[in-house]
Amino acid sequence: MRILFTHIKSLLQVREANKQALVGAAFDELPKIDQAWLLIEDQIIIDFGEMKSLPKLHFDQEVNCNGKFILPTWVDSHTHIVYAGNREQEFVQRIKGKTYAEIAQNGGGILNSAKTLQQTSFEELYLQSEQRLKEVIQLGTGAVEIKSGYGLTKEAELKMLKVIQKLQENYSLPIKASFLGAHAQPKEFKTSAEYVTYAINHILPEIAEKSLADYIDVFCEDGYFDLEDTERIIKAGNEYGLKAKIHVNQFKSFGGIQLAAKHNILSVDHLEVLTEEDVQHLKKADTIAVALPSCSFYLGINYTPVKQLIDAEIPLALASDFNPGSTPSGNMNFVVSLACIKLKLTPEQAINAATINAAFALELQDEIGSIAKDKKANFMITKPIPSYGFLPYAFGTNSIDQVWINGKRQEH
Ligand code: NIG
Ligand code: FE
């Protein structure tokens with residue numbers, strides 16, 4: 001099946017995958033073709049060009065995109081879409097003045113979500129998670145990473161990862177799974193180190209054996225997992241062939257970035273608190289920095305100081321962090337808007353960070369993240385809008401008309 005898209009106002013992010021994520025001048029630019037056509041065959045982008053030099057092509061269907069933009073779908077490289085129930089009560093507690101940390105100390109937070117998830121059946125967990133996945137696809141997300149970490153027992157962590165596996169089977173967008181056993185210390189364990197030993201010796205081997213995860217993750221944070229725990233997790237993951245992508249520097253900077261850089265891990269995510277020393281360590285690694293501005297927005301904490309990262313030519317990606325506690329939204333359009341409004345990225349930089357650089361953060365740069373021949377036909381068509389900068393400018397407005405994944409239009 002060949003489909004020809006014609007009269008595209010502008011075809012955005014037209015670029016081959018480079019070897020490395022974008023930094024410097026390349027990060028500032030958004031290559032495009034105005035008045036364009038695009039040809040896809042089955043799941044793949046075949047060719048594109050300017051309308052004025054449209055060759056005679058054989059095709060089965062034409063889609064007129066007059067006044068509309070086409071850009072690659074968002075790549076959300078950090079989510080916790082699989083969870084049970086919600087934490088709306090904690091939302092109200094925070095409105096009334098309690099902090100995120102106080103709520104966690106009083107039995108709320110991650111342990112609260114874990115309790116609910118442990119009591120939720122596989123089928124029910126699948127249905128709740130699927131609903132969120134469907135929703136973000138309609139909002140333009142065309143590839144996603146999903147973490148475990150609300151199970152915290154072998155049984156419940158495996159349940160989460162099997163839900164992710166079933167989503168992978170039933171949905172055509174690329175989904176990567178991360179094992180985040182070290183998300184919070186369950187009460188039954190005396191120390192975080194003791195729980196890490198359990199996670200490494202009793203949960204990880206089965207996950208690896210059943211190929212249920214692509215990556216390993218840990219919440220490296222004061223009051224959660226320290227540097228020693230974090231290094232054990234990174235090393236154990238590596239032994240089983242799982243690269244690390246870690247939560248670090250959300251509230252405090254205490255050496256997690258240095259550790260991540262030493263192990264040259266795939267990505268460091270959050271970074272709301274960042275020292276000059278952290279930046280210097282990151283500079284020496286191939287690690288991608290992932291900012292999660294919706295989390296900062298929702299919790300009222302610092303926004304990742306991305307200027308420091310950009311000036312140091314550290315590759316930057318954007319993700320949603322969709323989860324029940326710190327970011328109950330997976331809307332990447334809002335993330336891109338916030339990145340412009342609060343992180344002071346230009347629309348070009350924000351779109352790069354949420355597409356091609358984010359694809360690098362999931363090692364999917366050869367398949368998705370830009371409009372290039374032989375890449376997957378994963379893209380979105382906007383409504384008729386005046387310019388692509390209108391996407392982040394008109395925050396909260398749904399400017400997306402159609403989402404195409406693997407060459408198929410996604411129906412509501
Ligand atoms: O990425 N920071 C750690 N984990 C999640 C939120 C956890 C929760 O509150 O449920 C995050 O923000
Ligand atoms: Fe997270």
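Screening residue 307 on (1) within 22 Å of residue 348 (Cα to Cα); (2) within 16 Å of ligand 2 (Cβ to nearest atom); (3) without any contact (Cβ under 8 Å) to a residue 40 or more places away in the chain shows it passes everything except condition (2). Please state which one of 337, 267, 294 is touching a residue at least 12 places away in the same chain (Cβ under 8 Å) and within 12 Å of ligand 1 (Cβ to nearest atom). Result of the check over 337, 267, 294: 294. I'm trying to understand the selection: among the residues of the range 167-202, which are closer than 16 Å to residue 224 by Cα and more than 27 Å from the chain's Cα centre (by Cα)? Matches in the range 167-202: 187, 188, 189, 190, 191, 193, 194, 197, 198. For the range 310-324, a tally of residues being within 16 Å of ligand 2 (Cβ to nearest atom) and touching a helix residue (DSSP H, G or I) at 6+ places or on another chain (Cβ under 6 Å) returns 5. Close contacts from the range 21-50, counting a first residue that is under 26 Å from residue 283 (Cα atoms) and a second that is outside any strand (DSSP E or B) and of a type in the set (Asp, Glu), with Cβ to Cβ under 8 Å and a gap of 6+ residues or different chains, come to 23/313; 24/313; 28/348; 29/348; 30/348.
Within the range 270-291, the only residue that satisfies the criterion of being among the small types (Gly, Ala, Ser) and more than 16 Å from ligand 1 (Cβ to nearest atom) is 285. In the range 1-59, the residue that is modelled with the lowest pLDDT out of those that are basic (Lys, Arg) and farther than 20 Å from residue 410 by Cα is 19. Of the residues in the range 64-84, none is more than 16 Å from ligand 2 (Cβ to nearest atom), of a type in the set (D, E, K, R) and within 19 Å of residue 324 (Cα to Cα).
For the range 239-256, what are the residues that are within 16 Å of ligand 2 (Cβ to nearest atom), touching a residue at least 40 places away in the same chain (Cβ under 8 Å) and assigned to a loop (DSSP other than H, G, I, E, B)? Residues satisfying the conditions are 250, 251. Restricting 79, 120 to residues that are polar (S, T, N, Q), free of Cβ contacts under 8 Å to residues at least 40 places away in the same chain and within 16 Å of ligand 1 (Cβ to nearest atom) narrows the list to 120. A Cβ distance below 6 Å, combined with a sequence gap of six or more or placement on separate chains, defines the contacts here; from the range 163-192, residues that are under 14 Å from residue 114 (Cα atoms) reach residues that are away from ligand 2 (no atom under 16 Å from the Cβ) and assigned to a helix (DSSP H, G or I) in the pairs 181/199; 181/203; 182/196; 182/199; 185/192; 185/195. So, in the range 370-412, of the ones that are basic (Lys, Arg) and assigned to a loop (DSSP other than H, G, I, E, B), which residue ends up surrounded by the most Cβ atoms within 10 Å (Cβ to Cβ)? Ranking the qualifying residues of the range 370-412, first place goes to 375. Take the residues in the range 338-369 that are in contact with a Pro (Cβ under 9 Å, 6 or more places away or on another chain) and closer than 17 Å to residue 34 by Cβ, then tell me which one is surrounded by the most Cβ atoms within 10 Å (Cβ to Cβ). Checked the range 338-369; the qualifying residue surrounded by the most Cβ atoms within 10 Å (Cβ to Cβ) is 351.
The values are calculated or read from the model by the stated rules, or taken from the named source; none is laboratory data. Just so it is clear, the structure is predicted and the values come from calculations on it, not from any experiment. Cβ atoms come from the backbone with ideal geometry, glycine included; neighbour counts cover every protein chain shown.
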